[in-house]
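Asks: Below is a structure I'd like to ask you about.
The values are calculated or read from the model by the stated rules, or taken from the named source; none is laboratory data. Computed from a predicted model, the values in this text were never measured in an experiment. Here the Cβ positions follow ideal geometry from the backbone for every residue, glycine too, while neighbour counts run over all protein chains shown. These area figures cover heavy atoms from the full protein model, side chains too; ligands, DNA and RNA do not enter into them. Shrake-Rupley method; radii C 1.70, N 1.55, O 1.52, S 1.80 Å.
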Amino acid sequence: MTHKSPFEFISDDPALDFVNTVDNRDDPQRRKELLNSYFDLLAWASEADLLTQADAERLRNKASRSSSQAHAALRRAKVLREGLYRIFSAIAEGKQPASEDVSLLDSFDKQAMAHRRIGREGHGGYGWQWRTDGDDLDLVLWQVAKAGAELLTSDLVYNVRACAAERCRWLFVDTSRNQKRRWCDMRICGNRAKAQKFYQRAKTAAS
């Protein structure tokens, strides 16, 4: 039997996909955390194509040997995630993000930059590579921080939207032609909203 992944990649940006690792964020009764362990973080990053299979296995082994360090890395990743949520949900609402949240992202991005180097690529040229020696349990965090900083400083930031479903509020980049995308995923929130509207109309008509 195939195990269904709990993760969805609907935002067209890895930083926002990372933000969306919480279901029903603003509903205390229904809120569901999808990253309950460092191994969940690695699973998400692997599915997001941020980690090679070799890197994921190496980090999995390192986390197994250093559970306290892995737990601390997960905590830092969630601090970044919540900061990204506050930044981009504010932007989706047409507001300026709080300066302290932007500073938080900036500090994480600086850490990420400190762990990059220029190295030879397979095609013979040069490119940016992540340092994978020493303390690299934050490798996923560095990549997400880099993606978040790049989105915030790009023109695409003006296309960041929040799902119109009240209980969802997942974030995404609206790349639709008419810039009218309302739902994180039409199959889920869009169809649910249509069904609710149909039910309300039928109820009104019957009364």
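Asks: Have a look at the range 1-146 and give its Rg and Dmax from the Cα atoms, expressed in angstrom.
Replies: Using the Cα atoms of the range 1-146, the pair Rg, Dmax is 16.1, 54 Å.
Asks: Counting only pairs 8 or more places apart or on different chains, how many lysine pairs in the chain have C-alpha atoms closer than 21 Å?
Replies: Count of close lysine pairs: 10.
Asks: What FRET efficiency would be calculated for the residue pair Gln179, Met113, taking the C-beta separation as r and a Förster radius of 45 Å, to the nearest 0.05?
Replies: That gives a FRET efficiency of 0.90.
Asks: If you don't mind, there's one more thing I want to ask. If packing is taken as the average number of other Cβ atoms within 10 Å across a peptide's residues, how do 79-86, 171-178, 60-67 rank, most packed first? Don't skip to the end; give the middle numbers.
Replies: On the way: 79-86: 20.5, 171-178: 15.2, 60-67: 13.4.
Going by the mean number of other Cβ atoms within 10 Å, highest first, we get 79-86, 171-178, 60-67.
Asks: For the range 66-189, which semi-axes, largest first and in whole Å, follow from the square roots of 5 times the eigenvalues of its Cα gyration tensor?
Replies: They are 29, 19, 15 Å, listed largest first.
Asks: Still on this structure: Okay, helix-only estimate at 222 nm for the chain: each DSSP H run of n ≥ 4 adds -39500 (n - 2.57), divide by all residues, round to 500 deg cm²/dmol; what do you get?
Replies: The helix contribution divided over the chain gives -16000 deg cm²/dmol.
Asks: Return one whole number: the accessible area per residue of the chain in Å², for a 1.4 Å probe.
Replies: With all protein chains present, the chain gives 59 Å² per residue.
Asks: Using per-residue counts of other Cβ atoms within 10 Å, averaged over each peptide, order 88-100, 147-159, 10-22 from highest down.
Replies: Highest to lowest by the protection proxy: 10-22, 147-159, 88-100.
Asks: Here's a follow-up. Angle, helix 38-47 long axis vs. longest principal axis of the chain, Cα atoms, 0 to 90°, nearest 10?
Replies: Compared with the principal axis, the helix lies near 80 degrees.
Asks: What is the dipole size for the range 26-82, taken about its Cα centre, with +1 at each Lys and Arg Cβ and -1 at each Asp and Glu Cβ, in debye to the nearest 20?
Replies: 300
Asks: Hey, any idea what % of the chain's accessible area is carbon plus sulfur with a 1.4 Å probe?
Replies: Percent of accessible area from carbon and sulfur atoms in the chain: 50.
Asks: How big is the dipole moment of the chain about its Cα centre under a simple scheme where the beta carbon of each Lys and Arg is +1, that of each Asp and Glu is -1, and everything else is neutral? Debye, nearest 20, please.
Replies: Using Cβ point charges on Lys, Arg, Asp and Glu, the chain gives about 900 debye.
Asks: Okay, next question. Pop out the ³J(HN,Hα) list for the range 54-60 in order, Karplus 6.51 cos²θ - 1.76 cosθ + 1.60 with θ = phi - 60°, rounded to Hz; leave Gly and Pro as x.
Replies: 5, 5, 4, 5, 5, 5, 4
Asks: Still on this structure, I have one more. Relative to the longest principal axis of the C-alpha atoms of the chain, give the angle of the C-alpha long axis of helix 67-92, reported between 0 and 90° and rounded to the nearest 10°.
Replies: Helix 67-92 sits at roughly 50 degrees to that axis.
Asks: Which far-off residues, 5 or more places away or on another chain, put their amide H under 5 Å from the one on Asp185, with H placed in the peptide plane?
Replies: Those lying under 5 Å, H to H, from Asp185 are Gly190.
Asks: Now for a separate question. Using the charge dipole of the chain (Lys, Arg: +1 at Cβ; Asp, Glu: -1 at Cβ; taken about the Cα centre), state which of Tyr38, Phe9, Thr52 has its Cα farthest towards the positive end.
Replies: Positive-most Cα among the choices belongs to Phe9.
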